[in-house]
1. Rounded to the nearest 20 debye, what is the charge dipole size of the range 82-184 about its Cα centre when +1 sits on each Lys and Arg Cβ and -1 on each Asp and Glu Cβ?
2. For Trp163, tell me the accessible area in Å² from a 1.4 Å probe, rounded to the nearest 10.
3. Among Leu78, Thr148, Thr137, which residue has its Cα furthest toward the positive end of the charge dipole of the chain, with +1 on Lys/Arg Cβ and -1 on Asp/Glu Cβ?
4. Starting from the coordinates of the alpha-carbon atoms of the range 95-214, obtain the Kirkwood hydrodynamic radius over all distinct pairs and give the value in Å to one decimal.
5. Run the accessible area of the range 115-185 with a 1.4 Å probe and give the carbon-and-sulfur part as a rounded percent.
6. Which of Ala21, Ala100, Ala48 moves most in a GNM of the chain, Cα contacts under 10 Å?
7. Can you tell me which lysines have their Cα less than 25 Å from the Cα of Lys170? Leave out same-chain residues fewer than eight positions away.
8. Hey, could you get me the Stokes-Einstein D for the range 80-153, Kirkwood radius over alpha-carbon pairs, 25 °C and 0.890 mPa s, rounded to whole µm² s⁻¹?
Amino acid sequence: MPGAHSIVYFGYLGDEATDDAAVRPRLAYMDGQMRWLAQLVAALPGGAQVLIPYVAPRRWDEAVHARIAAHGFAVDPLSVAAERRNSFEYPGFRALKALAATLPADEPIFYAHSKGIVELAHSKNGLFRLHSHLALTADLDALRRDPTLTRAGLFPSRYGWCWYNFFWIKAGHMARLAVEESEDRYAFEALIGDRGDTEGFRGVLPLIGRLPAE
C-alpha cells in the first residue's frame with residue numbers, strides 16, 4: 001500500500017506591485033481551492049503532503065501563510081525567498097522539481113495550479129475541481145507498476161503533456177527535466193512532454209475514462 005501522497009499546488013496572487021484590492025479576492029479564491037484540496041486529501045488512504053509555492057506581494061506573506069497553515073499544508077520555502085514577479089508557472093515547477101529530488105524515483109506527485117485566479121473565473125474554477133477530483137481519486141496502480149508510464153492526466157496530448165497542467169508525474173522523471181524561466185507561458189504546459197515526439201502520449205496514463213458518460 002502506498003503511503004502519503006505528494007501534491008504541489010501553485011497559487012499566483014500578484015507581483016510585488018499588485019494592489020491590495022486585487023490580492024484580497026484572489027487570496028479568497030485560492031483559499032477556496034485549497035479547501036477543496038483539503039477535502040480530497042482527507043479521503044486519501046495515507047493522507048497527503050501538500051506543498052504550496054506561491055507568488056504574492058511580500059506584505060501579504062503573513063496572510064498567505066496563515067491560510068496555507070489553516071489547511072494543514074506546507075509553505076514552499078523557495079517562494080518565500082524568491083523575487084515576487086510574474087514568471088507564469090515557473091515557481092510551481094521549480095517547487096515540483098525540488099520536491100521530486102527528495103522522493104523515490106517511482107513516487108508520483110500531483111501538480112495543480114490556481115486556475116482562473118486572476119480573472120476570478122468560476123468556470124475555470126470548475127476545471128480546477130474537475131481535474132483535481134478525478135486525479136486525486138484515481139487508481140494509480142498502473143502508473144506505479146508500469147516503468148514505461150511516467151505521467152497521468154485527464155487529457156494527455158499526443159506529445160505527452162496534459163491539458164491545463166493538472167497531472168501526476170513520477171519523481172524520477174520530473175527530477176530529470178530542465179526547469180527554467182521562460183517568457184512563453186505555454187512552455188510550462190509543454191515541459192512535461194516533447195514537442196518533437198508524436199508518440200509522447202504513450203508514456204501517459206489517461207484518466208479521461210473516469211469522466212461520467214453524461
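The values are calculated or read from the model by the stated rules, or taken from the named source; none is laboratory data. Computed from a prediction, not measured in an experiment: that's the story for all the values here. Every residue, glycine among them, receives a Cβ derived from its backbone with ideal geometry; neighbour counts consider all protein chains shown. Heavy atoms of the whole protein, side chains included, go into the accessibility calculation; ligands, DNA and RNA do not. Shrake-Rupley method; radii C 1.70, N 1.55, O 1.52, S 1.80 Å.
1. Working: 13 positive and 12 negative charges, 28 e Å.
In debye, rounded to 20, the range 82-184 gives about 140.
2. 120 Å²
3. It is Thr137, whose Cα lies furthest towards the positive end.
4. Numbers: mean 1/r = 0.0676 Å⁻¹.
For the range 95-214, the Kirkwood estimate is 14.8 Å.
5. Details: 1810 of 3510 Å².
Answer for the range 115-185: carbon and sulfur cover 51 percent of the accessible area.
6. Looking only at Ala21, Ala100, Ala48, the biggest GNM fluctuation is shown by Ala21.
7. Lys97, Lys115
8. Working: Rh = 14.6 Å.
Value of D from the Cα-based Kirkwood radius: 168 µm²/s.
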